[in-house]
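Just so you know, all these numbers are worked out from the coordinates, no wet-lab data involved. Because the structure is a prediction, the values reported are computed rather than measured. Positions of Cβ are generated from backbone atoms using ideal geometry, with glycine treated the same way; all protein chains shown enter the neighbour counts.
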Amino acid sequence: MVVTTLEGLSDAQKQELVASLSAIVVGTAGGEVSAESLTAVATASGNSLSGAWASVFASAVGKAESIEKYCLAPGGGGGGGGGGGGDGAAAEAAPVVEEEEVEEAPAASDMFGGGDGDGGDY
């Protein structure tokens, strides 16, 4: 979602956006990411930030240990790609698994004990 203005956002969305951008500003400037510093950046930018949102974001960045670890680089998320070609010798060295023999079940009998196979009443 591209945000060009705050007008169409709910109050919670505005608070989250202001808190996250404030955390990025403080963290990349080398400052301590605290609730107070996030609130100060938000106020300096002409926005308001509740203490609850400031605390949540300061705590999250603090647990990540740095803003760089908190914010992944573009393309930095997601799972890894599939395995590459690799060495054919490794595939040859894999152990061969033998299939076990499975016994066949005995033929089913009539559910009502008739066993004559003509279907009876049903």
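Here are some notes:
- Förster radius 30 Å - calculated FRET efficiency between Ala44 and Leu9 (Cβ-Cβ, nearest 0.05): 0.90
- Stretch gain in nm, segment Ala64-Leu17, where the contour uses 0.36 nm per residue and the Cα spacing is subtracted: 15.1 nm
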